[in-house]
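Q: Pasting in a structure now, in C-alpha coordinates, and then I'll have a few things to ask.
The values are calculated or read from the model by the stated rules, or taken from the named source; none is laboratory data. Bear in mind that the values here come from a model prediction, so they are computed numbers and not experimental data. Glycine gets a Cβ as well: all are built from the backbone with ideal geometry, and neighbour counts include every protein chain shown. Protein only, heavy atoms only, side chains kept; ligands, DNA and RNA dropped before computing areas. Shrake-Rupley method; radii C 1.70, N 1.55, O 1.52, S 1.80 Å.
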Amino acid sequence: MSRRNARILAFQALYSWDVSKASVEDLLTFSWLQKQEKSEEESVEKNHENPPVKDEQTFAGIIIAGTIERISEIDRLIEEHLSATWSMERLNKVTLAILRTSIYEMKYLKGSEKGIVIDEAINISKQYGSDDSYKFINAVLDKIGKDEKKA
(Lines give C-alpha, C1' and ligand atoms only; values in the text may rest on other atoms or scores of the structure.)
Protein backbone atom coordinates (compact mmCIF):
# COMPACT_ATOMS: atom_id res chain seq x y z
CA MET A 1 0.00 0.00 0.00
CA SER A 2 1.21 3.48 -0.80
CA ARG A 3 0.23 6.02 1.84
CA ARG A 4 1.11 8.73 -0.65
CA ASN A 5 -1.54 7.46 -3.07
CA ALA A 6 -4.02 7.35 -0.19
CA ARG A 7 -3.16 10.94 0.75
CA ILE A 8 -3.68 11.99 -2.86
CA LEU A 9 -7.08 10.29 -2.88
CA ALA A 10 -7.99 12.01 0.38
CA PHE A 11 -6.99 15.47 -0.85
CA GLN A 12 -8.87 14.91 -4.13
CA ALA A 13 -11.98 13.84 -2.21
CA LEU A 14 -11.79 16.90 0.06
CA TYR A 15 -11.38 19.10 -2.98
CA SER A 16 -14.45 17.49 -4.53
CA TRP A 17 -16.38 17.86 -1.26
CA ASP A 18 -15.49 21.54 -1.04
CA VAL A 19 -16.38 22.28 -4.66
CA SER A 20 -19.46 20.10 -5.13
CA LYS A 21 -20.59 19.47 -1.53
CA ALA A 22 -20.79 15.76 -2.32
CA SER A 23 -21.92 13.68 0.63
CA VAL A 24 -19.35 11.86 2.75
CA GLU A 25 -21.01 8.59 1.77
CA ASP A 26 -20.50 9.35 -1.93
CA LEU A 27 -16.89 10.31 -1.32
CA LEU A 28 -16.20 7.09 0.59
CA THR A 29 -17.57 4.88 -2.20
CA PHE A 30 -14.95 6.45 -4.50
CA SER A 31 -17.50 6.52 -7.33
CA TRP A 32 -16.04 9.94 -8.26
CA LEU A 33 -12.73 8.17 -8.82
CA GLN A 34 -14.27 5.77 -11.32
CA LYS A 35 -15.68 8.74 -13.25
CA GLN A 36 -12.24 10.37 -13.20
CA GLU A 37 -10.58 7.17 -14.46
CA LYS A 38 -13.06 6.95 -17.36
CA SER A 39 -12.39 10.51 -18.44
CA GLU A 40 -8.64 9.89 -18.20
CA GLU A 41 -9.00 6.82 -20.43
CA GLU A 42 -10.75 9.00 -22.99
CA SER A 43 -8.01 11.62 -22.75
CA VAL A 44 -5.15 11.59 -25.22
CA GLU A 45 -2.70 12.09 -22.34
CA LYS A 46 -3.60 8.99 -20.36
CA ASN A 47 -2.39 8.84 -16.77
CA HIS A 48 -0.33 5.65 -16.38
CA GLU A 49 -0.58 5.43 -12.60
CA ASN A 50 -2.03 2.24 -11.21
CA PRO A 51 -5.56 2.37 -9.83
CA PRO A 52 -5.71 2.54 -6.03
CA VAL A 53 -5.73 -0.67 -4.06
CA LYS A 54 -8.27 -1.35 -1.33
CA ASP A 55 -5.81 -0.53 1.49
CA GLU A 56 -5.20 2.88 -0.05
CA GLN A 57 -8.92 3.53 -0.25
CA THR A 58 -9.33 2.44 3.37
CA PHE A 59 -6.59 4.77 4.62
CA ALA A 60 -7.90 7.59 2.43
CA GLY A 61 -11.40 6.95 3.79
CA ILE A 62 -10.18 7.39 7.35
CA ILE A 63 -8.60 10.72 6.43
CA ILE A 64 -11.64 11.88 4.44
CA ALA A 65 -14.23 11.04 7.09
CA GLY A 66 -12.09 12.33 9.93
CA THR A 67 -11.26 15.58 8.18
CA ILE A 68 -14.88 16.34 7.37
CA GLU A 69 -15.97 15.37 10.87
CA ARG A 70 -13.48 17.84 12.38
CA ILE A 71 -13.60 20.46 9.62
CA SER A 72 -14.49 23.35 11.96
CA GLU A 73 -11.55 22.63 14.27
CA ILE A 74 -9.19 22.17 11.34
CA ASP A 75 -10.30 25.38 9.63
CA ARG A 76 -9.90 27.27 12.93
CA LEU A 77 -6.32 25.96 13.15
CA ILE A 78 -5.60 27.07 9.60
CA GLU A 79 -7.01 30.54 10.27
CA GLU A 80 -4.94 30.87 13.46
CA HIS A 81 -1.76 30.04 11.55
CA LEU A 82 -2.24 32.29 8.53
CA SER A 83 -0.31 35.52 8.40
CA ALA A 84 -2.21 38.77 8.94
CA THR A 85 -2.33 39.36 5.17
CA TRP A 86 -4.07 36.05 4.40
CA SER A 87 -7.62 34.86 4.92
CA MET A 88 -9.31 31.51 4.36
CA GLU A 89 -11.24 32.98 1.42
CA ARG A 90 -7.96 33.79 -0.30
CA LEU A 91 -6.75 30.16 -0.28
CA ASN A 92 -7.34 28.21 -3.46
CA LYS A 93 -9.31 24.99 -3.12
CA VAL A 94 -6.35 22.68 -3.85
CA THR A 95 -4.18 24.29 -1.18
CA LEU A 96 -7.06 24.22 1.29
CA ALA A 97 -7.77 20.52 0.66
CA ILE A 98 -4.10 19.60 1.12
CA LEU A 99 -3.88 21.64 4.33
CA ARG A 100 -7.08 20.16 5.75
CA THR A 101 -6.18 16.52 5.14
CA SER A 102 -2.62 17.02 6.36
CA ILE A 103 -3.72 18.75 9.55
CA TYR A 104 -6.21 15.99 10.27
CA GLU A 105 -3.50 13.39 9.87
CA MET A 106 -0.95 15.32 11.95
CA LYS A 107 -3.30 16.18 14.78
CA TYR A 108 -5.79 13.34 15.03
CA LEU A 109 -4.38 10.21 13.37
CA LYS A 110 -2.27 8.24 15.81
CA GLY A 111 0.97 6.89 14.44
CA SER A 112 1.39 9.55 11.79
CA GLU A 113 4.74 11.30 11.85
CA LYS A 114 4.41 15.06 11.37
CA GLY A 115 7.59 15.32 9.29
CA ILE A 116 6.43 12.67 6.85
CA VAL A 117 2.96 14.20 6.58
CA ILE A 118 4.47 17.64 5.86
CA ASP A 119 6.88 16.21 3.26
CA GLU A 120 4.01 14.39 1.53
CA ALA A 121 1.87 17.54 1.56
CA ILE A 122 4.72 19.49 -0.04
CA ASN A 123 5.20 16.85 -2.74
CA ILE A 124 1.46 16.61 -3.44
CA SER A 125 1.23 20.41 -3.71
CA LYS A 126 4.16 20.46 -6.13
CA GLN A 127 2.29 17.96 -8.29
CA TYR A 128 -1.24 19.38 -8.03
CA GLY A 129 -0.98 22.92 -6.65
CA SER A 130 0.04 26.27 -8.03
CA ASP A 131 3.72 27.12 -8.50
CA ASP A 132 4.62 28.25 -5.00
CA SER A 133 1.80 26.68 -3.01
CA TYR A 134 4.19 24.12 -1.54
CA LYS A 135 6.09 26.90 0.27
CA PHE A 136 2.89 28.23 1.78
CA ILE A 137 1.71 24.74 2.79
CA ASN A 138 5.09 23.99 4.34
CA ALA A 139 5.01 27.20 6.40
CA VAL A 140 1.47 26.67 7.73
CA LEU A 141 1.96 22.98 8.54
CA ASP A 142 5.34 23.64 10.14
CA LYS A 143 3.82 26.30 12.42
CA ILE A 144 1.00 23.97 13.40
CA GLY A 145 3.43 21.11 14.03
CA LYS A 146 5.59 23.28 16.26
CA ASP A 147 2.57 24.53 18.21
CA GLU A 148 1.38 20.95 18.71
CA LYS A 149 4.76 20.01 20.20
CA LYS A 150 4.46 22.89 22.70
CA ALA A 151 1.00 21.79 23.81
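Q: Explain nothing, just the number: dipole magnitude of the chain about its Cα centre with +1 on each Lys and Arg Cβ and -1 on each Asp and Glu Cβ, in debye rounded to the nearest 20.
A: Its charge dipole is roughly 440 debye.
Q: For the range 106-118, what does the Karplus curve 6.51 cos²θ - 1.76 cosθ + 1.60, with θ = phi - 60°, yield as ³J(HN,Hα) per residue in whole Hz, taken in order and with x for Gly and Pro?
A: Per residue, the Karplus-derived 3J(HN,Hα) values read 5, 8, 10, 9, 5, x, 7, 8, 4, x, 5, 4, 5 Hz.
Q: Let me ask something additional. Which semi-axis lengths, in whole Å and largest first, follow from the square roots of five times the eigenvalues of the Cα gyration tensor of the range 49-136? Write out the running numbers ahead of the final one.
A: On the way: eigenvalues 96, 54, 28 Å².
Equivalent-ellipsoid dimensions as semi-axes: 22, 16, 12 Å.
Q: Charges on Cβ only, +1 for Lys and Arg, -1 for Asp and Glu, centred on the Cα centroid of the chain; of Q127, G111, T29, which one is farthest towards the dipole's positive end?
A: Of Q127, G111, T29, it is G111.
Q: Of all accessible surface on the range 48-151 at a 1.4 Å probe, what whole percent is carbon and sulfur?
A: Carbon and sulfur: 47 percent of the exposed surface of the range 48-151.
Q: What distance in nm separates the two pseudo spin-label positions at I71 and V53, each 7 Å out from Cα along the beta-carbon direction?
A: It is 3.2 nm.
Q: Which GluC sites (Glu not before Pro) in the range 77-151 sit in a loop by DSSP (not H, G, I, E or B) and have at most 11 other Cβ atoms within 10 Å of their own Cβ?
A: Answer in residue order: E113.
Q: Once you keep just the Cα pairs under 8 angstrom separated by 6 or more residues, what percentage relative contact order results for the chain? Numbers along the way, then the final one.
A: Values: 131 pairs, mean separation 39.9, N = 151.
In percent, rounded to a whole number, it is 26.
Q: Would you please put 129-142, 7-20 in order of how densely packed they are, using the mean number of other Cβ atoms within 10 angstrom per residue and starting with the highest? Kindly include the intermediate steps, with their values, before the conclusion.
A: Values: 129-142: 16.9, 7-20: 21.4.
Ranking the peptides 129-142, 7-20 by packing returns 7-20, 129-142.
Q: What does the extension gain come out to for R4 and S23, with contour length at 0.36 nm per residue minus their alpha carbon separation?
A: 4.5 nm
Q: Give the value in nm², to one decimal: projected area of the alpha carbon convex hull of the chain, averaged over all directions.
A: Here the figure is 9.2 nm², rounded to one decimal.
Q: Between E80 and K126, with labels modelled 7 Å along Cα→Cβ, what's the label distance in nm to one decimal, could you check?
A: 3.0 nm
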